[in-house]
Amino acid sequence: MEKSNLIYAKTNRLILRHFCLEDVETFYKYRSNPTVSQFQSWENYKYEDAESFVNKQIALRPNQPGTWFQYAIALAHSNELIGDCALHTLLDEPRIVEIGFTLAPEHQGNGYVHEAIGALFTYIFHTLKKHKVIAFTDVRNEKSIRVLERIGMRREGHLLQNYMSKGQWVDEYQYSMLQSEWAER
Ligand SMILES: CC(C)(COP(=O)(O)OP(=O)(O)OC[C@H]1O[C@@H](n2cnc3c(N)ncnc32)[C@H](O)[C@@H]1OP(=O)(O)O)[C@@H](O)C(=O)NCCC(=O)NCCS
């Protein structure tokens, strides 16, 4: 099967699938939006950056130690790209993975990321059989904090000046979910 047809998880409204070349335009549109990049490391995101990012993702396979793999979040009924969620398989301890997520502004406020992350957790713990999921967020990123707490992740640490963002050191919270905690929910 073509990798671009690969679907990793499904919900009522969404699919988590492999990126494909047709995603570049939409991906560029939301990645280059200043409200999306406000708490992220990148700025002045260019169309060529999006092209190279999507091409790199198309060539990757998920769950390779030391790499970030990006799952495209698409509407189930139309296959339209609306955002992405990422999985970083740690190099030294691949049973622990880090996640991240982004949603195009026009699709925010509908619970899509909550739904996508729920499906991603089931995939991470049941299919990939991981032990622990972690996530870092800028302490000022209230929307991201709400996503992490709504899905039931525990705030495990407040890391002072842990990240260089746009020329400034910023504090981050670390959130976690153990496989055993997910199973008990
Ligand atoms: C972080 C980010 C993905 C959150 O997007 P979001 O749309 O707020 O998150 P969800 O899709 O889960 O939607 C939740 C919101 O929809 C509302 N909602 C509406 N219908 C809903 C439904 N059926 N189910 C659940 N929530 C629903 C919720 O009340 C919630 O709003 P609230 O936070 O004001 O209470 C988004 O702000 C973003 O892309 N930011 C830029 C990238 C970024 O900073 N990522 C974080 C890096 S770790």
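Each value in this text was obtained by applying a stated rule to the coordinates, not by laboratory testing. None of the values given here were measured: they were computed from a predicted structure. Backbone-built Cβ (ideal geometry, glycine too); neighbour counts: all protein chains shown.
So the values come out like this:
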{"item": "Segment 56-82 versus segment 129-185: alpha-carbon centroid distance in Å", "result": "21"}
{"item": "Inter-site label distance for ASN55 and GLU93 at 7 Å from Cα along Cβ, in nm", "result": "3.7"}
{"item": "Spin-label model distance (nm) - ASN110 vs LYS129, 7 Å beyond Cα toward Cβ", "result": "3.6"}
{"item": "Distant-in-sequence amide H partners of TYR163 (H built 1.01 Å from N, under 5 Å)", "result": "VAL170"}
{"item": "J(HN,Hα) series, segment 91-97, from Karplus relation 6.51 cos²θ - 1.76 cosθ + 1.60, nearest Hz, glycine and proline x", "result": "5, 7, 9, x, 7, 10, 10"}
{"item": "Sorted by Cβ density within 10 Å, fewest first, the residues LEU14, LEU90", "result": "LEU90, LEU14"}
{"item": "Phi-based couplings in Hz for segment 111-119 (Karplus 6.51, -1.76, 1.60; Gly and Pro marked x)", "result": "x, 5, 5, 4, 5, 5, 5, x, 5"}
{"item": "Simple spin-label estimate for LEU75 and GLN161 in nanometres, 7 Å along Cα-Cβ", "result": "4.6"}
{"item": "Length-normalised contact order of segment 3-135 in % [C-alpha pairs under 8 Å, at least 6 apart]", "result": "24"}
{"item": "Chain lengthening between ASN12 and GLN38 when straightened (0.36 nm per residue, less Cα-Cα)", "result": "6.4 nm"}
{"item": "Neighbour-count ranking [beta-carbon atoms within 10 angstrom, fewest first] of TRP169, TRP182, TRP68, TRP42", "result": "TRP169, TRP42, TRP68, TRP182"}
{"item": "All lysines inside 22 Å of LYS130 as judged from Cα atoms, apart from same-chain residues fewer than 8 positions distant", "result": "LYS10"}
{"item": "Candidate lysines - alpha carbon under 17 Å from LYS56, same-chain residues fewer than 8 apart omitted", "result": "LYS3, LYS46"}
